[in-house]
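Chemist: Take this structure first; my questions come after.
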Amino acid sequence: MNFLAHVDAIIFDLRENGGGDPKMVAFLSSYLFDQPTHLNDLYSRRDDFTSQYWTVPYVPGPTLADKPAFVLTSRRTFSGAEEFTYNLKNLKRATIVGERTGGGAHPVMGWRIDDHFIIGVPFARAVNPITKTDWEGVGVEPDVAVPSADALATAIRLHGFR
């Protein structure tokens, strides 16, 4: 991120990103805000406990809090990549460009049901502090809907990059 410290705007290309860890989402998001920001919650049914995810108080190097941000999406954008997208969309911190995402907001755990099969069972659910819901089964709707192949060119045009 230090390499990007002096850009005019930033584009996150998540069109082929299948997910990640909420802690990494919070860390990367921290470069886009200049004050503590509540990003998302994760409710665990088993523990009946909600973990909150906020931007971290310190990131190495300068932030991009005053720079325009764009997130490129496709149907293949999933899970943690969707959380990043959903958080920034609802915080009005980025313009989402591309296709509706895949719709995976509930983490699953594999449970063996016999010698040959495992079933994925959700054990938690995301709860956005703004919408009080998540993107499970519906995905994240882009602000600017275009085919994913056109998302980068569209974001460049929207910002007026050269």
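The values are calculated or read from the model by the stated rules, or taken from the named source; none is laboratory data. What you see is a predicted model, and the numbers here were worked out from it, not measured in a lab. Neighbour counts run over all protein chains shown; Cβ positions are idealised from the backbone, glycine included.
Chemist: Residue under question is residue 72, and the condition is that it be hydrophobic (A, V, I, L, M, F, W, C), in contact with a helix residue (DSSP H, G or I) (Cβ under 6 Å, 6 or more places away or on another chain), surrounded by 23 or more Cβ atoms within 10 Å (Cβ to Cβ) and not in a loop (DSSP other than H, G, I, E, B); does it hold? Please lay out each step first, then the result.
Modeler: Values: hydrophobic (A, V, I, L, M, F, W, C): yes; in contact with a helix residue (DSSP H, G or I) (Cβ under 6 Å, 6 or more places away or on another chain): yes; surrounded by 23 or more Cβ atoms within 10 Å (Cβ to Cβ): yes; not in a loop (DSSP other than H, G, I, E, B): yes.
So residue 72 passes the test.
Chemist: So which residues in the stretch 1-59 are over 22 Å from residue 103 (Cα atoms) and aliphatic (A, V, I, L, M)?
Modeler: Selection gives 1, 4, 5, 7, 9, 10, 32, 56, 59.
Chemist: Another one. I need the full set of residues from the stretch 48-69 which are within 15 Å of residue 11 (Cα to Cα), part of a loop (DSSP other than H, G, I, E, B) and among the small types (Gly, Ala, Ser), in order please. Give the steps one after another, and end with the answer.
Modeler: Quick first cut of the stretch 48-69, residues within 15 Å of residue 11 (Cα to Cα) only: 63-69.
Filter once more, keeping what is part of a loop (DSSP other than H, G, I, E, B): 63-68.
Of everything in the stretch 48-69, just one residue is within 15 Å of residue 11 (Cα to Cα), part of a loop (DSSP other than H, G, I, E, B) and among the small types (Gly, Ala, Ser), namely 65.
Chemist: Among the candidates 121, 97, 59, which residue alone is free of Cβ contacts under 8 Å to residues at least 40 places away in the same chain and over 12 Å from the mean Cα position of the chain (by Cα)?
Modeler: Every option except 121 fails the conditions.
Chemist: Looking only at residues that are acidic (Asp, Glu) and without any contact (Cβ under 8 Å) to a residue 60 or more places away in the chain in the stretch 1-46, which one is nearest to residue 161 (Cα to Cα)?
Modeler: Keep residues of the stretch 1-46 that are acidic (Asp, Glu), which gives 8, 13, 16, 21, 34, 41.
Filter once more, so that each one left must be without any contact (Cβ under 8 Å) to a residue 60 or more places away in the chain: 21, 34.
Working: 21: 31, 34: 24 Å.
Selected residue: 34.
Chemist: Report yes if residue 55 is at pLDDT 95 or above, under 20 Å from residue 136 (Cβ atoms) and either surrounded by 13 or more Cβ atoms within 10 Å (Cβ to Cβ) or β-branched (Val, Ile, Thr) (or both), otherwise no. Even if it seems obvious, please write down each step before you answer.
Modeler: Working: at pLDDT 95 or above: yes; under 20 Å from residue 136 (Cβ atoms): no; either surrounded by 13 or more Cβ atoms within 10 Å (Cβ to Cβ) or β-branched (Val, Ile, Thr) (or both): yes.
No: the conditions fail for residue 55.
Chemist: For the stretch 21-40, enumerate the residues that are farther than 20 Å from residue 50 by Cβ and part of a loop (DSSP other than H, G, I, E, B).
Modeler: Matches in the stretch 21-40: 33, 34, 35.
Chemist: So, one more: Would you check if residue 76 is over 12 Å from the mean Cα position of the chain (by Cα) and of a type outside the set (Ser, Thr, Tyr)?
Modeler: Details: over 12 Å from the mean Cα position of the chain (by Cα): yes; of a type outside the set (Ser, Thr, Tyr): yes.
In short, yes.
Chemist: Test each condition in (1) more than 18 Å from the chain's Cα centre (by Cα); (2) at positive phi; (3) basic (Lys, Arg) for residue 92 and report the one that comes out false.
Modeler: Unmet condition: (1).
Chemist: In the stretch 108-152, how many residues are within 20 Å of residue 74 (Cα to Cα), in a loop (DSSP other than H, G, I, E, B) and either touching a Pro at 6+ places or on another chain (Cβ under 7 Å) or of a type in the set (D, E, K, R) (or both)?
Modeler: Qualifying residue count for the region: 4.
Chemist: Among the residues of the stretch 45-63, is any under 26 Å from residue 120 (Cβ atoms), of a type in the set (A, V, I, L, M, F, W, C) and out of contact with any Phe, Trp or Tyr (no Cβ under 8 Å at 6 or more places or on another chain)? Outline the logic, then answer.
Modeler: Here is the first cut: in the stretch 45-63, the residues under 26 Å from residue 120 (Cβ atoms) are 45-53.
The next check asks that each one be of a type in the set (A, V, I, L, M, F, W, C); those that pass are 49.
Applying the additional criterion that residues be out of contact with any Phe, Trp or Tyr (no Cβ under 8 Å at 6 or more places or on another chain) yields none.
Scanning the stretch 45-63, I find no residue that is under 26 Å from residue 120 (Cβ atoms), of a type in the set (A, V, I, L, M, F, W, C) and out of contact with any Phe, Trp or Tyr (no Cβ under 8 Å at 6 or more places or on another chain), so the answer is no.
Chemist: Look at the stretch 1-43 and say how many of its residues are over 11 Å from the mean Cα position of the chain (by Cα) and among the hydrophobic types (A, V, I, L, M, F, W, C).
Modeler: 12
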